[in-house]
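The values are calculated or read from the model by the stated rules, or taken from the named source; none is laboratory data. The structure displayed is predicted, hence computed values, not measured ones. FYI the Cβ positions are ideal-geometry reconstructions off the backbone, even for glycines, and counts take in every protein chain you see.
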Amino acid sequence: MNYVDGFVLVLPQKRVSEYLAMARKASKIWKEHGALEYREAIADDLNVPYGLPFPKLTKLKDGETVVFAWIVYKSKAHRNSVNKKVMKDKRVHEMCDPKDMPFDVKRMSYGGFKIAVVA
C-alpha cells in the first residue's frame, strides 16, 4: 500500500504564480528522486456549509488562499529514502530562501499518511 505526505499551506494570492513556479521545480526534483506522484491544488470552493472549512482551519486572511498538496510514495521507507535525497539536493536549497518564501511556513501543516482506502 502506498504512503502519502500531505500538506496544507497558506499563501498570498498575489504570490500564487510564484509559488506554482516553485512547485513545478520541486515536483521534478521529488520525481527524479523516486516519488510516484506530486500534486498541488489551489483553493477554489472553500465556502462549504459543513465541517471545519479551510478558511477557519488556516485562519485565512483577506488576500490569501489555501494550497492542498500531496506526494505519493511506495511506502513509508521509500518516502524516507526519497526525502533524504531531496533534502540533500542543492536545487531545493537554492529555491527556498527562508527570508522570502511565497507562503507562510509557520502556518503550513504537514504529515505522513498510510493509505487506508483505495477505490
Find the residue count for the range 89-106, including only residues that are part of a helix (DSSP H, G or I) and farther than 14 Å from Ser27 by Cβ. 5
Tell me which residues, restricted to the range 6-32, are more than 20 Å from Glu94 (Cβ to Cβ), more than 14 Å from the chain's Cα centre (by Cα) and not in a strand (DSSP E or B). Gln13, Lys14
What number goes with the only condition from (1) in a loop (DSSP other than H, G, I, E, B); (2) more than 20 Å from Gly112 (Cα to Cα) that Ala35 does not pass? (2)
How many residues, within the range 69-103, are small (Gly, Ala, Ser) and free of Cβ contacts under 8 Å to residues at least 40 places away in the same chain? 1
Only one residue in Val72, Val67, Val86, Val82 is assigned to a strand (DSSP E or B), among the β-branched types (Val, Ile, Thr), closer than 11 Å to Asp5 by Cβ and under 16 Å from the mean Cα position of the chain (by Cα), so which one is that? Val72
Could you list, in sequence order, the residues of the range 1-59 that are surrounded by 15 or more Cβ atoms within 10 Å (Cβ to Cβ), farther than 20 Å from Val105 by Cβ, at pLDDT 95 or above and not hydrophobic (A, V, I, L, M, F, W, C)? Tyr3, His33, Gly34
For the structure I just gave you, tell me whether Ala21 is of a type in the set (A, V, I, L, M, F, W, C) and over 27 Å from Asn2 (Cβ atoms). yes
